[in-house]
Amino acid sequence: MEIDLGAEQMLAAERQGQQIAVEVKSFLAGTSAISEFHRALGQFINYRAALKVDSPDRVLYLAVPFMAFNTFFQLDFPKSRIEENQVKLLVYDTLSQRELLWIPEITPK
């Protein structure tokens, strides 16, 4: 399976001794948040399945900007889909491009 990253990116890294992959999404202003969410969730589920085959020890995170997390991701529907699909989130600051929150927090093995 070849991953189409388009304008966004997937990063492979290690954090606290755990191998991770991060699918970065921008949720740009002026775009439909629900459409972006459908796309992001679908890609996340497919990428996670592909990683189980290619890199079973790697944990996938969906990176979203703080503004999207603080608004759209707090609504009942997206919140319930994130929980039901066990999506791990990395919330980042778009200005500094630094991570702010890991949900759930990574714990070393």
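The values are calculated or read from the model by the stated rules, or taken from the named source; none is laboratory data. Bear in mind the structure is a predicted one, so any value in this text is a computation, not a measurement. Note: ideal-geometry Cβ built from the backbone for every residue, glycine included; neighbour counts use all protein chains shown.
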Look through 60, 90, 41, 51 and report the one residue that is touching a residue at least 60 places away in the same chain (Cβ under 8 Å) and surrounded by 15 or more Cβ atoms within 10 Å (Cβ to Cβ). 90
Could we say that residue 76 is in contact with a strand residue (DSSP E or B) (Cβ under 7 Å, 6 or more places away or on another chain) and surrounded by fewer than 13 Cβ atoms within 10 Å (Cβ to Cβ) here? no
Restricting attention to region 86-109, which residues are at pLDDT 80 or above and of a type in the set (Asp, Glu)? 93
Odd one out for residue 27 among (1) touching a Leu at 6+ places or on another chain (Cβ under 9 Å); (2) modelled with pLDDT of 65 or more: (1)
Residue check, residue 69 against (1) closer than 24 Å to residue 17 by Cα; (2) out of contact with any Asp or Glu (no Cβ under 6 Å at 6 or more places or on another chain); (3) hydrophobic (A, V, I, L, M, F, W, C), all met but one. Which one? (1)
